[in-house]
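To keep things clear, I will list the structure first and then write my remarks on it.
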Amino acid sequence: MRIAVIMSSYNGEKFIEEQINSILEQTNVEVGLYIRDDGSSDGTLDILKKYSQNSNIHLVQFENDTNLGVCYSFLKTLQYAIEQEPNTEYFSFADQDDVWLPQKLEKAIEKIKSYKNDYVVYYSNKTFVNKTLELINKEKIKFYDDFFEAYCSSLASGCTMVFNKKMAKLSLTPLPQNAEFHDSWIYRLNKYVQGKIVFDKNSYILYRQHGNNVCGSATCIVQEMNFKKNVELYKFAKTTWRQSLFDEMELYHGELACKDAQKYIYLMKNYKKKFSLKLKLLFNKYVIKRGIIFYFNWFIKVMLNKI
């Protein structure tokens, strides 16, 4: 089974070789690794040039290349990989500093290969480790599988994702202008069109924490905070990204929108105007089932008009 793995690197010389080796050691899959460097100033590019001598590793460089940032570096490299591998059915993202267990890709493909006609995204828990790969914590995501998951924080980390070509092409048609991160864009778009989400409670990735992570354990694990801290956190929070994101989905993929997506996007756009709509957000069944800590944070956000 062939899978294209997409990586964006940036000043990753300390750990990137270990990660590349773990990707090449995946069992029972044929891997094509596409790596684009986003303007490293250390020795990362020299390492990649050395590895690109391997026929399964492709160093991606665009004409007039510049620093694109994490989101668009990944998405444009994904776009390139699809063009190079029109017959490849599965795609995956990889960070530069993790270590993958040998069965990571094999297990993911096993779980999604039956969904041949669906938009499908797989993701899993992670194992947090320090820079020397010593255990810090094991992630325990509670999977709800409703549209509300897309409306709030996306818990699907790109480094655990595997998705099919149908989903990959949809996410790039066209290339989004308002995506915050490549992984959350694909996850939310999948939920918007009522695609299939496959969650695996197991972890096949050592998610390295070293102080320079874009998303680390402190930001990926929801923590309980007191009322005062929550108010201060959301008081100055920017909320326009969510509306811009869904506006873009409506513009280009509106004919595919599921009923829940239509319902919640309407609430999002109008809850500040009508108190009755605000109440629908406050007492929604999807919110209540997530427990008191989530509801506590959600209540503050809604009351402060910060969703």
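For the reader, a short list of remarks on this structure follows.
- Span per principal axis, largest first, for the Cα atoms of region 47-181 (Å): 43, 39, 30
- Sparse-neighbourhood loop sites, chymotrypsin sites (Phe, Trp or Tyr not before Pro) in region 13-66 - DSSP loop, at most 15 other Cβ within 10 angstrom: PHE62
- Within a Gaussian network of the chain (alpha carbon springs, distance under 10 Å), most fluctuating of ILE292, ILE47, ILE265: ILE292
- Estimated FRET transfer efficiency (ASN87, SER114; beta-carbon r; R0 22 Å; 0.05): 0.70
- The slack in the chain from SER52 to HIS210, taken as 0.36 nm per residue of separation less the alpha-carbon distance, amounts to 54.3 nm.
- Amide N of region 101-126 lying under 19 Å from the label point, which is placed 7 angstrom from the Cα of ASP145 along Cα→Cβ: 107-126
- When you restrict to C-alpha pairs under 8 Å that are six or more residues apart and normalise by the size of region 61-141, the relative contact order lands at 13 percent.
- Whole-number percent relative contact order across the chain, with pairs defined as alpha carbons under 8 Å at least 6 apart: 18
- Scoring 161-168, 145-152, 280-287 by mean Cβ neighbours within 10 Å over their residues and listing the highest first yields 161-168, 145-152, 280-287.
- Burial ranking of peptide ranges 71-77, 113-119 (average Cβ count within 10 Å, highest at the top): 71-77, 113-119
- Segment PHE296-TYR252, length gained on full extension (0.36 nm per residue, minus Cα span): 12.4 nm
- Separation of alpha-carbon centers, region 21-91 and region 236-307, rounded to whole Å: 36
- Region 1-82: C-alpha gyration tensor shape, a/c 1.5 cut-off, then a/b vs b/c: oblate
- Solvent exposure of the chain amounts to 49 Å² per residue of accessible area, where only protein heavy atoms count and the probe is 1.4 Å.
- Taking a point 7 Å from the Cα of ASN28 along the Cα-to-Cβ direction, the residues of region 68-110 with backbone N closer than 11 Å to it are 103-110.
- Placing +1 on each Lys and Arg Cβ and -1 on each Asp and Glu Cβ, with no other charges, gives the chain a dipole about its Cα centre of roughly 2000 debye.
- Most mobile listed residue (LYS126, LYS274, LYS49) in the chain, GNM with C-alpha springs under 10 Å: LYS274
- Difference of contour (0.36 nm per residue) and Cα-Cα distance, THR173 to GLU18: 52.4 nm
- Here the simple spin-label model places points 7 Å from the Cα toward Cβ, and for ASN130 and TYR266 these points are separated by 5.3 nm.
- Residue with peak Gaussian network fluctuation, the chain [Cα springs, cutoff 10 Å], from LEU68, LEU251, LEU206: LEU251
- Using the Cβ of GLN209 as centre and a radius below 11 Å, the other residues enclosed give a net charge of 0, where K and R count +1 and D and E count -1.
- Seen from ASP260, the other residues with C-beta closer than 10 Å to its C-beta sum to a net charge of +2, counting Lys and Arg as +1 and Asp and Glu as -1.
- Electrostatic tally near LEU75: other residues with Cβ closer than 11 Å to its Cβ, Lys and Arg +1, Asp and Glu -1, net +1.
- Shape parameters for region 88-154, alpha-carbon atoms, Rg then Dmax in Å: 14.4, 42
- Translational diffusion coefficient (Stokes-Einstein; Kirkwood radius from C-alpha pairs) of the chain at 4 °C, 1.567 mPa s, in µm²/s: 64
- Of TYR119, TYR90, ILE141, farthest towards positive along the dipole that unit charges on Lys, Arg, Asp, Glu beta carbons give region 89-148: ILE141
The values are calculated or read from the model by the stated rules, or taken from the named source; none is laboratory data. Since we're looking at a predicted model, the values are computed, not measured. No Cβ is skipped: glycine too gets one built from the backbone with ideal geometry, and neighbour counts run over all protein chains shown. The accessibility values were calculated without ligands, DNA or RNA, using every heavy atom of the protein model including side chains. Shrake-Rupley method; radii C 1.70, N 1.55, O 1.52, S 1.80 Å.
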